[in-house]
Amino acid sequence: MSLLVIRGLKKQFGGLVAINDLSFHIEKGEILGMIGPNGAGKTTTFNLITGVYAPTAGKVKFKEEDITSFRPSKIAEKGIVRTWQVANLFANMTVLQSVIIGCHVGGRIGFWQAIAGGASVRKKEKVVEEKAMRMLDLMGLTGFKDALSKHLPHGLQRRLGIAIALCADPELLLLDEPVSGMNPEEIQETMALIKKINKEGITILLVEHNMRAVMGTCDRIVVLYYGKQIAEGLPKEIAQNQEVIKAYLGGAARVA
């Protein structure tokens, strides 16, 4: 049984078809890469999977359940969580506060409970804070817990985004360009962390423009080109696929 199944997915904005007849699957425990030039439809696909957009046609199934019409909050509760731009969402919160917000995605402490307070709420808050600190430690951010999120260097903001997503207990984690803007050392460290997260039992869908990172990390790769899927296979197969080379790099070089 595949963890996630996409069948005949289409998204149209007026006269623009952003995604057209997209079908692929993700197996439990794997890292699936999704690549393609700017405008290929990668972010739109993320938005369709997580309920931000409703598809024009097609189905999204998670653990054999049709989640196509589910709200983003319900999809997150089911176990599909994505990363966001931290600087936009948590700019004026501390690093620790930002991760704690991620821990509340599953509704562990309700709004009125928090207002009322009480011993049970304080106990839950302590558990949540301890969990948030574990996520910060995992991502190498413990020393920055009291810093404002907006003051983190770009590379650490990317890691913070992953820590926030992890605190929501994802079964399927969607990573949107996790090493964008990083230097080679930061890229190597972050990709090693992503592999570690995967070994802990979290399935990953990875969108990334850094081909070295994709080829060295993903089990399989799906290639999009202007909303259409043009290839799917192992990294070495994608690197030698002439249609991918022509579409993705204009035939100038190999995808490696």
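Nothing in this text is a laboratory measurement; each read-out follows from the coordinates by a stated rule. What you are looking at is a predicted structure, and each value in this text was computed from that prediction instead of being measured. As a convention, Cβ positions derive from the backbone with ideal geometry for all residues, glycine included, and neighbour counts pool all protein chains shown.
Quick one: length gained pulling LEU234 to LYS74 fully straight, 0.36 nm per residue minus the C-alpha distance?
Additional length available on full extension: 54.4 nm.
Once R0 is set to 41 Å, what does the formula 1/(1 + (r/R0)^6) return for the Cβ-Cβ distance between ASP146 and ARG212, expressed as a FRET efficiency to the nearest 0.05?
Values: r = 34 Å, r/R0 = 0.84.
Rounded to the nearest 0.05, the efficiency is 0.75.
Lone cysteines in the chain, defined as no other cysteine's Cβ under 4.7 Å from theirs: which are they?
CYS218
If you average 1/r over every pair of different alpha-carbon atoms in the chain and take one over that average, what Kirkwood value in Å do you get? Intermediate results must be reported in sequence, preceding the final value.
Details: mean 1/r = 0.0524 Å⁻¹.
Radius from the Kirkwood sum: 19.1 Å.
May I ask which of LYS196/LYS246; LYS123/LYS145; LYS10/LYS150; LYS10/LYS74; LYS78/LYS199 have a Cα-Cα span longer than 26 Å here? Let's see the in-between values first.
Numbers: LYS196/LYS246 33 Å; LYS123/LYS145 21 Å; LYS10/LYS150 36 Å; LYS10/LYS74 21 Å; LYS78/LYS199 20 Å.
Pairs exceeding 26 Å: LYS196/LYS246; LYS10/LYS150.
If I stretch the segment between VAL52 and HIS154 completely, what's the gain in nm (0.36 nm per residue apart, minus their alpha carbon distance), one decimal?
On the way: separation 102, 0.36 × 102 = 36.72 nm, distance 2.51 nm.
Taking VAL52 through HIS154 to full extension adds about 34.2 nm, to one decimal.
Restricting things to alpha carbons, find the Rg to Rh ratio for segment 142-256 using the Kirkwood radius for Rh.
Numbers: Rg = 15.7 Å, Rh = 15.5 Å.
Answer for segment 142-256: 1.01.
Of the listed peptides 168-176, 186-194, what is their order by residue-averaged count of other C-beta atoms within 10 Å, with the highest listed first? Please report the intermediate quantities before stating the final value.
Values: 168-176: 20.6, 186-194: 18.2.
Those peptides, ordered most packed to least, come out 168-176, 186-194.
With runs of 4+ DSSP H residues as the only contributors, calculate the mean residue ellipticity of the chain at 222 nm using -39,500 (n - 2.57) per run, divided by the residue total and rounded to the nearest 500. Walk me through the intermediate numbers first.
Numbers: 11 runs with 103 residues, N = 256.
Helices in the chain give a 222 nm mean residue ellipticity of -11500 deg cm²/dmol.
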